[in-house]
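Each remark here refers to the structure printed beneath this line.
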Amino acid sequence: MRKSEIKFVVELDKENIPEKIMWDADEKEQSGLSETKSISLSLWDHENKNTMRIDLWSKDMPMDEMKHFYIDCLGGLAQSVLNATGDEYMNKEISALCDRLVEHVKNEG
């Protein structure tokens, strides 16, 4: 059986707030650790029928980028639900929410 590994390394300050987040993966084009400002990881707990989440961001991540990051995450979920289930209604509803959130962020600035 083939295996693939994804690795996250988080450097924390004295108060356990992420200062730097690094990642690497076997399937990544460039080898070695790469820096990122935020990760959002969701895992399905089959036994308890719920989602476990890990959301981390470095303390220097700009607020506008954080909002765009989460809108992009939702957009990715819209495509994933379509690919995984074929549910076009859910895809369209999540995509419409993303469109509204993009407008909200534009109007804030």
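Any read-out appearing in this document is the output of simple, stated calculations on the displayed coordinates, not a laboratory observation. Just so it is clear, the model here is predicted, and its values are computed rather than measured. Note: ideal-geometry Cβ built from the backbone for every residue, glycine included; neighbour counts use all protein chains shown.
Taking a ≥ b ≥ c as the square roots of the eigenvalues of the Cα gyration tensor, an a/c ratio of 1.5 or more together with a/b no larger than b/c marks the chain as oblate.
Here His68 and Phe8 are evaluated by their C-beta separation; at R0 = 25 Å the FRET efficiency comes out at 0.75. Summed over qualifying helices (DSSP H, 4 residues or more, each -39500 (n - 2.57)) and divided by its residue number, the chain shows a 222 nm mean residue ellipticity of -14000 deg cm²/dmol. Pairs of lysine residues in segment 1-87 that meet both criteria, 8 or more places apart or on different chains and Cα atoms under 23 Å apart, total 15.
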